[in-house]
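Worksheet: one structure, shown below.
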Amino acid sequence: MQNFNLFGDSVVSMYFCGKNHIAPIMMVLLRNVVIHAPDSDLHGRTQDIFIKNGIIQQVTTAFDPPEGTQIVEKQGMHVSIGWMDVGVLAGDPGFEHREDLDSVAQAAAAGGFTAIALYPNTKPTIDSKSSVLYIKNKNHNLLTTIYPIGALSVGCQGKDITEMMDMRQAGAVAFADGHQSVQNAGLLMRSLQYAKACNALIINVPHDETIGGHGQMHEGIVSTSLGLAGLPSMAEELMIQRDLHLVDYTDGRLHFAGISTARSVELIRAAKHKGLKITASVSIMNLCFTDAALSHFDTHYKIMPPLRSESDVDALIRGLKDGTIDFIMSGHKPVEIEKKNLEFPYADFGVIGLESFFGLANLYLHKKLTIHQIIRMMTVVPREILGLEIPVLKEGEVANLTLFNPTEKYVFEKKHIYSKSKNTPLIGKMLKGKVLGVLKKEHLILF
Amino acid sequence: MTQLSTKHLLGIKDITATDIQLIFETADQFIDVINRPIKKVPSLRDTTIVNLFFENSTRTRISFELAERRLSADIVNFSASASSVTKGETLLDTVNNILAMKVDMVVMRHPAPGAPHYLAQRIDANIVNAGDGTHEHPTQALLDAFSIRRKLGKVEGKKIAIFGDILHSRVALSNIYCLKKLGAEVTVCGPPTLIPKYIESLGVHVSYDIKETLNWCDVANVLRIQMERQDIKYIPSLREYTQYFGINRPLLDSLKKEIVIMHPGPINRGVEITSEVADSGHSIILDQVENGVAIRMAVLYLLSARR
């Protein structure tokens, strides 16, 4: 039974009750699967992949599997190395009713992610070696690897820097105050300097609270027509400008997480040309929707950064195409229904995004980006930025794979959500691109 | 056209110019009714209306209550501070509880923009928005435009200026929607910090010069400076506001023409408008109050026909 215990007990029982199954596999064969591996000869080929004891043994055609092999054969099945998401919020410890580590790992796996980097906004925050180890130790039973992002300031309170070297040693992959933007320029400066000693990346969500502190949605024509306080684009852009100065001064390494405006893209493009050590990401919702989605006060679209204008969305996509923006994040932020099903100003910001990520990205972006670009941004790029080992799809390597069908359309329903919170406007919507399963070492889960 | 296009009155943005005309024509008849010795009609007999006020209000609540009584409706009043509701029972629970007592219509004032829209998506009763935070106050806009129509004969082509805190004002927003739908020209005038950056997208002019704007307009709708809505300081002091944006007698006397003065109340006498101006022959402030009852009767009457 040991092999059954992939997600921990609760998950195992859930999966066995449902249609999905976990295979306690020594040997598995992925039959007739299209390979996405742009850096390899196998790219674009339809092959059989035979995995034994968690190692890719053979990539071939018409493989004759030994007895006892589990064969996975699905119409239109594609495979790539396992996907990764950065900047995921869970609630463990402190807000387990929203999301705990088991449920976020399930949600991630259902979204095709074999790795996620978790923000530190818990209670207490992940701001010490022991709390980093708490997250790391939970990984033993999980199919999705959870990488902790350590807090940049003690308690994410934006005052004093944390013991970054100690946390880095314990396994923190980067430092950030999570979804809380670092308001204090001096703190960010010292963080960028200090983190160089442990070669760590600093992440900031650019948002100047003195400009946008009271805002409820993007400041523009829609916010004006709804009488809702606006979040000016400038709140983000001012902080990016400030942070670029700080990166220039410190020669540190900074990632702008979840940018949302056209001018932000311009600023980052120019700074990259100049050679600053910066990277940037954008949340999938900001690529698919505009502030017009809020015209009827639907709190499911109340997110941070806010949904902006059509021209912002266009500029973000151009930024992705030319490499100004490095990757797309799900922006997964679970919020319990009691905090969401409220009058607009009282509702919390946030949307979950792990399970629907691929279907949404593929649906909205397939004409603008190639599937290879999308997959690359979900696999290689975030790992490169965080300095993590990148799985390889070839014989002799450890299996770390995501199975998906990029053309399958399906209606996204509650049953597809494994997160404890269901705060998404996508329920009932048609998505394009389905995750069929993930396979990591000797563990396989199919959806 | 004898019916409104909508089941609720959530905002002026959601209704048509034809709806507005229908409300005005109906209100004309109710003006006659409330000036008769017997001011009551049986139109809403057997209709139960709940007045839900999650924010303080005197004049709007009384005006609605009077309108409801004159239509012979049964009424229930509920007042709660928004804070007690946010700390405890949710809006939906509060309203569902009240609806379980078989209420037909809800008149609601609430500090959250969109609160009546939130309810409209979840309950069956007709909803009348009596002010939702900084969003809309549709009956105020209707009564303002109705008062202009009665005073000047029509609204179309008239130049209306709205003075004061446009940023936090539901009255300004609803007035803009209403006046534009009726074909008026609108200018908003006030300190730049109290004017939303994108307000021109609604088709209005912006001015920071009170004298120039007064000279331009046929009607000046003067809004209250709402210090209670200002969590940060948008203007340095009331004194300076009065000095540069207050309307006083010498200012009116210096104009090249006579203009109509309106104010939705309550007035901060000596702040945005002096007593001399508020009580002058230019002012139709008390007509607005009388018209308010007729407009609210018309709205309730027409909405009840959509049940």
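The values are calculated or read from the model by the stated rules, or taken from the named source; none is laboratory data. This one's a predicted model, so the numbers in the text were calculated from it and none came from an experiment. FYI the Cβ positions are ideal-geometry reconstructions off the backbone, even for glycines, and counts take in every protein chain you see. Protein only, heavy atoms only, side chains kept; ligands, DNA and RNA dropped before computing areas. Shrake-Rupley method; radii C 1.70, N 1.55, O 1.52, S 1.80 Å.
Is it fair to say B:THR47 is over 23 Å from B:PRO264 (Cβ atoms) and either in contact (Cβ under 8 Å) with a residue 40 or more places away in the chain or open to solvent by 20 Å² or more (accessible area, probe 1.4 Å) (or both)? Before you say what the answer is, go through the steps one by one.
Details: over 23 Å from B:PRO264 (Cβ atoms): yes; either in contact (Cβ under 8 Å) with a residue 40 or more places away in the chain or open to solvent by 20 Å² or more (accessible area, probe 1.4 Å) (or both): yes.
Here the answer is yes, as B:THR47 does meet what is asked.
Any idea how many residues of the stretch A:78-88 are within 14 Å of A:VAL438 (Cα to Cα) and in a strand (DSSP E or B)?
6
Take A:ILE135 and tell me if it is of a type outside the set (Phe, Trp, Tyr), outside any loop (DSSP other than H, G, I, E, B) and either under 23 Å from A:MET164 (Cα atoms) or in contact with a Lys or Arg (Cβ under 7 Å, 6 or more places away or on another chain) (or both). Show your work before the answer.
Values: of a type outside the set (Phe, Trp, Tyr): yes; outside any loop (DSSP other than H, G, I, E, B): yes; either under 23 Å from A:MET164 (Cα atoms) or in contact with a Lys or Arg (Cβ under 7 Å, 6 or more places away or on another chain) (or both): yes.
Yes.
Got a number for residues in the stretch A:289-307 being open to solvent by 10 Å² or more (accessible area, probe 1.4 Å) and farther than 19 Å from A:ILE337 by Cα?
Residues in the stretch A:289-307 being open to solvent by 10 Å² or more (accessible area, probe 1.4 Å) and farther than 19 Å from A:ILE337 by Cα: 7 in total.
Give me the residue from the stretch B:97-138 that is more than 13 Å from chain A (Cβ to nearest Cβ) and not aliphatic (A, V, I, L, M) and, out of that set, surrounded by the fewest Cβ atoms within 10 Å (Cβ to Cβ).
The extreme case among them is B:LYS102.
Considering only residues that are within 21 Å of the chain's Cα centre (by Cα) and not in a helix (DSSP H, G or I), look in the stretch A:290-313 and name the one that is nearest to the other protein chains (Cβ to nearest Cβ).
Filtering first and then ranking leaves A:LYS302.
Among A:THR407, A:THR402, which is the only one that is away from chain B (no Cβ under 14 Å), of a type in the set (Ser, Thr, Tyr) and surrounded by fewer than 23 Cβ atoms within 10 Å (Cβ to Cβ)?
Working: A:THR402 fails: surrounded by fewer than 23 Cβ atoms within 10 Å (Cβ to Cβ).
The conditions single out A:THR407.
Condition check ((1) of a type outside the set (Ser, Thr, Tyr); (2) part of a loop (DSSP other than H, G, I, E, B); (3) closer than 22 Å to A:GLY155 by Cβ) across all residues:
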site: A:ALA37; (1), (2), (3): yes, yes, no
site: A:PHE50; (1), (2), (3): yes, no, no
site: A:GLU67; (1), (2), (3): yes, yes, no
site: A:ILE71; (1), (2), (3): yes, no, no
site: A:GLY76; (1), (2), (3): yes, yes, no
site: A:PRO93; (1), (2), (3): yes, yes, yes
site: A:ALA109; (1), (2), (3): yes, no, no
site: A:LYS123; (1), (2), (3): yes, yes, yes
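Is it fair to say A:ILE325 is within 26 Å of A:ARG376 (Cα to Cα), part of a loop (DSSP other than H, G, I, E, B) and either acidic (Asp, Glu) or touching a residue at least 24 places away in the same chain (Cβ under 8 Å) (or both)?
yes
Among the candidates A:LEU316, A:LEU254, A:LEU267, A:LEU287, which residue alone is farther than 29 Å from A:LEU228 by Cα, away from chain B (no Cβ under 14 Å) and not aromatic (Phe, Trp, Tyr)?
Testing whether each residue is farther than 29 Å from A:LEU228 by Cα, away from chain B (no Cβ under 14 Å) and not aromatic (Phe, Trp, Tyr) leaves just A:LEU254.
Restricting the search to the stretch A:165-192, which residues are part of a helix (DSSP H, G or I) and under 30 Å from A:LEU231 (Cβ atoms)?
A:ALA185, A:GLY186, A:LEU187, A:LEU188, A:MET189, A:ARG190, A:SER191, A:LEU192 - these are the residues of the stretch A:165-192 that are part of a helix (DSSP H, G or I) and under 30 Å from A:LEU231 (Cβ atoms).
Just need a number here: residues in the stretch B:173-186 that are open to solvent by 10 Å² or more (accessible area, probe 1.4 Å) and more than 10 Å from chain A (Cβ to nearest Cβ).
Selection size over the stretch B:173-186: 5.
Considering only residues that are within 11 Å of another protein chain (Cβ to nearest Cβ) and outside any helix (DSSP H, G or I), look in the stretch A:218-251 and name the one that is surrounded by the fewest Cβ atoms within 10 Å (Cβ to Cβ).
In this case the residue turns out to be A:PRO232.
So, restricting to helices (runs of 4 or more DSSP H) that lie completely within the stretch B:190-307, which ones have at least 3 residues that are free of Cβ contacts under 8 Å to residues at least 60 places away in the same chain?
B:210-216, B:238-245, B:249-253, B:275-278
Anything in the stretch A:95-107 that is open to solvent by less than 10 Å² (accessible area, probe 1.4 Å) and either touching a helix residue (DSSP H, G or I) at 6+ places or on another chain (Cβ under 7 Å) or in a strand (DSSP E or B) (or both)? List them, or say none.
Residues of the stretch A:95-107 that are open to solvent by less than 10 Å² (accessible area, probe 1.4 Å), as a first pass: A:99, A:101, A:103-105, A:107.
Result: A:LEU101, single match.
Run A:VAL33 past the list (1) free of Cβ contacts under 8 Å to residues at least 12 places away in the same chain; (2) at negative phi and report the number of the one that doesn't hold.
Here A:VAL33 clears every test but (1).
Is there a residue in the stretch A:357-368 that is crowded, with 18+ Cβ neighbours inside 10 Å and either part of a loop (DSSP other than H, G, I, E, B) or not assigned by TED's automatic domain parsing to the domain that holds A:ILE116 (or both)?
no
Name the residues in the stretch B:1-18 that are open to solvent by 40 Å² or more (accessible area, probe 1.4 Å) and assigned to a loop (DSSP other than H, G, I, E, B), would you?
The answer is B:MET1, B:THR2, B:GLN3, B:SER5, B:LYS7, B:LYS13, B:ASP14, B:THR16.
Find the residue count for the stretch A:196-217, including only residues that are within 14 Å of another protein chain (Cβ to nearest Cβ) and either among the hydrophobic types (A, V, I, L, M, F, W, C) or crowded, with 21+ Cβ neighbours inside 10 Å (or both).
Residues flagged as within 14 Å of another protein chain (Cβ to nearest Cβ) and either among the hydrophobic types (A, V, I, L, M, F, W, C) or crowded, with 21+ Cβ neighbours inside 10 Å (or both) within the stretch A:196-217 amount to 4.
Can you report the number of residues in the stretch A:44-83 which are in contact (Cβ under 8 Å) with a residue 40 or more places away in the chain and open to solvent by 50 Å² or more (accessible area, probe 1.4 Å)?
Count: 9.
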